[in-house]
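Student: First, the structure itself, so that you have it in front of you.
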Amino acid sequence: MCLLLPMKILSLTFDRIANGEPSNILLAESVLEFFGSSGTSGGQPKLIPVTAETLKLLPISSALLTAVMKKHFGNLDQAVKSQEFQFAKEETETPCGLKARAATTSMYKNNDYRNIISKHHTSPIEAIFCSDTNQSMYCQLLADLIQPDEVVMVGSQFATALLRAIKFLEGYWKELCSNIRSGQISDWITDSGCKNAASSIMKPNPQLADSIHKICSCESSEGIIKKLWPNAKFIRAITTGVMSQYVETLEFYSGGLPLVSNTYVCSEAFCRINLEPLSGPSYVSYTFLPTTAYFECLPVNNNSLSLSQEVQFNYASQHEPVEKKSNNENIEPIDLVHVKLGQYYELLVTSYARLYRYKVGDVLKVTGFHNNTPQFQFVGSQNVILSIDTDKTSEADLLNAVREAKTLLDPLGFILTGFTSYADTCSIPGHYVLFWELKAKQGNDSIELDPKIMEECCYRMEEALYYIYRSCRKRNAIAALEIRVVKQGRFDTLMDYYVSRGVSTSQYKTPSCIKSKEAINILESKVIRKFFSPKIPM
Ligand code: AMP
């Protein structure tokens, strides 16, 4: 029987330290601060203790990442700039006076990293630290737009922030052009840091304003990134896992630039890097950095994976009935050296800051080895996110079903720009509700949806869900799956809601399932059409 310290006990001990008890109730080193995990991927936000040893790992992993990027894209350090949308989150203090902040915010505060930003990024550090996301976004975009030829990389940590910036650009380009033409920044930018930073780099440039105007006034924003930053070589943003839903939209805006998903990060440990940054989003594997923590893997029994998880990378597989086990508590963890090709594992982290066999909640599939170090594909979150009856749908199940359904949108000229879900149990039997936000490929914002195709999307999702879901549908234990199409921009409002509740914009991941009534209401209040699956899935 393996010894897994219950998460609750660990969290309680962290809370005791946060509340003022000495760090040595858990570890020899002092806790210097806490990272707040975003909590949108795995549930509730958590406080993760940070020690001096943890902080030493940051430059190591960052140097490795730079080395890999150099190998593939040449020396990115010299006279070229990255345009990375970054947003620091306000810090809070625990009752004992220790800082609690997003891992990214801690990184932006690091002096070495600040030097890199000021030399090699277009975004002014003052804008990154502006607490008003709109002002921050505006100034970062302004700074990016006035240096079009220097930008070689466009990105953000997760795809969400980059897409948010591009949407923002679609709404504000006229004003940005007018600022660039006059060399004056708009009056509503009142944050002194943003204002000063922007003023120091702006001068009237009517010619550039004209060229941006020409690009942005096109009926469609297709390829806008490459058009605005013609020397960009790639787009960097995490596009695996729940972020894979944004690949198509990013490809639409990218103008053919490769999408590079180069790292797998979590507040609990700096885990892995992608040694082949040019592999397409569906083929990305991350290689462990085995010295950044002690990693172990809990085998996820094939029977405990739902079928769609198993076929996620093999769409041709046949649908077979499988039983689903709810947990892997009694299975022994194994060391990284013993993992097997093709097997699925849940990740356990024993960190320098005393996380002990901590379940990060992510399921990974071994895809190969770099020398002896295992490489993994990110499969999804282990957690069951939707359940009405005996069905247990994981994030990976849902992603797979959405991926199947959205292929029907292509011929209609629509892109799915955001989705989330919840289990609606108000009616009996309950049913799965998917909120979808759609965008027409050709500028036309008024959404004319063919009900037949949308119903087919509902049905396609049901068909793609695993056997137990479908058997529940057959015996009417679950009602027909519903897609609610929301007004454009609603997923931005959802992001604003989570950010206002403490999630960092840089670390935000659209939750694949929402439970909070408030969050559901944000989407519910702007539903424009509803569609139901017309028949019982086979
Ligand atoms: P946070 O709680 O904000 O530290 O976010 C960490 C979580 O983000 C991880 O546990 C994963 O679920 C998710 N994540 C991080 N990197 C990736 C990646 N490359 N692909 C997919 N999901 C990721």
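The values are calculated or read from the model by the stated rules, or taken from the named source; none is laboratory data. Small disclaimer: the values here were computed from a predicted structure and weren't measured. For neighbour counting, all protein chains shown are included, and Cβ atoms are generated from backbone atoms with ideal geometry for every residue, glycine included. Note: accessible area is taken over every heavy atom of the protein model, side chains too, but ligands, DNA and RNA are not part of it. Shrake-Rupley method; radii C 1.70, N 1.55, O 1.52, S 1.80 Å.
Student: Which lysines have a Cα less than 23 Å from the Cα of residue 46, not counting those fewer than 8 places away in the same chain?
Tutor: 8, 56, 89, 99, 109, 359, 509, 515, 517
Student: Could you calculate, for the stretch 142-274, the ratio of the Cα radius of gyration to the Kirkwood radius, expressed as Rg to Rh?
Tutor: 1.01
Student: At a Cα cut-off below 20 Å, give the lysines reachable from residue 233, other chains included and same-chain residues fewer than 8 away excluded.
Tutor: Within the straight-line limit of under 20 Å, residue 233 reaches these lysines: 70, 71, 81, 119.
Student: For the residue pair residue 66 and residue 331, what label-to-label distance in nm results when each label sits 7 Å from Cα along the Cα-to-beta-carbon direction?
Tutor: According to this spin-label approximation, the distance is 4.0 nm.
Student: List the aspartates and glutamates whose Cα lies under 12 Å from the Cα of residue 365, skipping any in the same chain that are fewer than 8 positions away.
Tutor: Cα-Cα hits under 12 Å: 310, 346.
Student: A further question follows. If packing is taken as the average number of other Cβ atoms within 10 Å across a peptide's residues, how do 89-96, 261-268 rank, most packed first?
Tutor: Top to bottom by mean Cβ count within 10 Å: 261-268, 89-96.
Student: Taking the solvent-accessible surface of protein heavy atoms with a 1.4 Å probe, what is the per residue accessible area of the chain in Å²?
Tutor: Accessible area per residue, the chain: 42 Å².
Student: Next question. Report the calculated FRET efficiency for residue 474 and residue 407 (r = Cβ-Cβ distance, R0 = 30 Å), to the nearest 0.05.
Tutor: 0.75
Student: Tally up the carbon and sulfur contribution to the accessible surface of the stretch 386-532 as a whole percent, 1.4 Å probe, everything protein left in place.
Tutor: Of the solvent-accessible surface of the stretch 386-532, carbon and sulfur hold 49 percent.
Student: On to the next question. Find the relative contact order for the stretch 386-532 and round it to a whole percent, using C-alpha pairs within less than 8 Å whose residues are 6+ positions apart.
Tutor: Working: 227 pairs, mean separation 44.0, N = 147.
Relative contact order comes out at 30 percent.
Student: Using DSSP to define loop residues, name the GluC sites (Glu not before Pro) in the stretch 121-173 whose beta-carbon has at most 13 other beta-carbon atoms within 10 Å.
Tutor: Here no GluC sites (Glu not before Pro) fit, given the DSSP loop and packing criteria.
Student: For the chain, what Kirkwood radius comes out of the mean inverse Cα-Cα distance, in Å?
Tutor: Final number for the Kirkwood radius of the chain is 24.3 Å.
Student: Mean Kyte-Doolittle hydropathy of -1.0 or higher plus an axial Cα length of 27 Å or more: which whole DSSP H helices in the chain meet both?
Tutor: 52-73, 159-182
Student: Given 4 °C and 1.567 mPa s, compute D for the stretch 32-158 with the Stokes-Einstein relation, Rh being the Kirkwood radius over Cα pairs; round to the nearest whole µm²/s.
Tutor: Working: Rh = 16.0 Å.
After rounding, the answer is 81 µm²/s.
Student: On a full-extension model of 0.36 nm per residue, what is the gain between residue 112 and residue 373, subtracting their alpha-carbon distance, rounded to one decimal in nm?
Tutor: Working it through step by step, the gained length comes to 91.1 nm.
Student: Once amide H atoms are built 1.01 Å from N in the peptide plane, which residues 5 or more positions from residue 528, or in another chain, come under 5 Å H to H?
Tutor: Amide H neighbours of residue 528, under 5 Å, 5+ apart: 485, 486, 487.
Student: Percent antiparallel among DSSP beta bridges with both residues in the chain, to the nearest 5?
Tutor: Here the antiparallel bridges make up roughly 70 percent for the chain.
Student: If you count, for each residue, the other Cβ atoms within 10 Å and average over each peptide, how do 339-349, 273-283, 461-471 line up from highest to lowest? Can you show the working numbers first?
Tutor: On the way: 339-349: 19.0, 273-283: 16.6, 461-471: 22.3.
Peptide ranking by packing, descending: 461-471, 339-349, 273-283.
Student: What does the charge count near residue 271 come to, summing +1 for each Lys or Arg and -1 for each Asp or Glu among other residues with Cβ under 13 Å from its Cβ?
Tutor: Its environment carries a net charge of -2.
Student: So for the stretch 386-532: antiparallel DSSP bridges make up what percent, rounded to the nearest 5? Could the numbers behind the result be given before it?
Tutor: Values: 16 of 21 bridges.
Antiparallel bridges make up about 75 percent of those DSSP assigns within the stretch 386-532.
Student: Let me test this: with uniform point scatterers at the alpha carbons of the stretch 386-532, what is the Debye-based log₁₀ I(q)/I(0) at q = 0.09, 0.13, 0.17, 0.18 1/Å?
Tutor: So the normalised log intensities work out to -0.27, -0.57, -0.98, -1.09.
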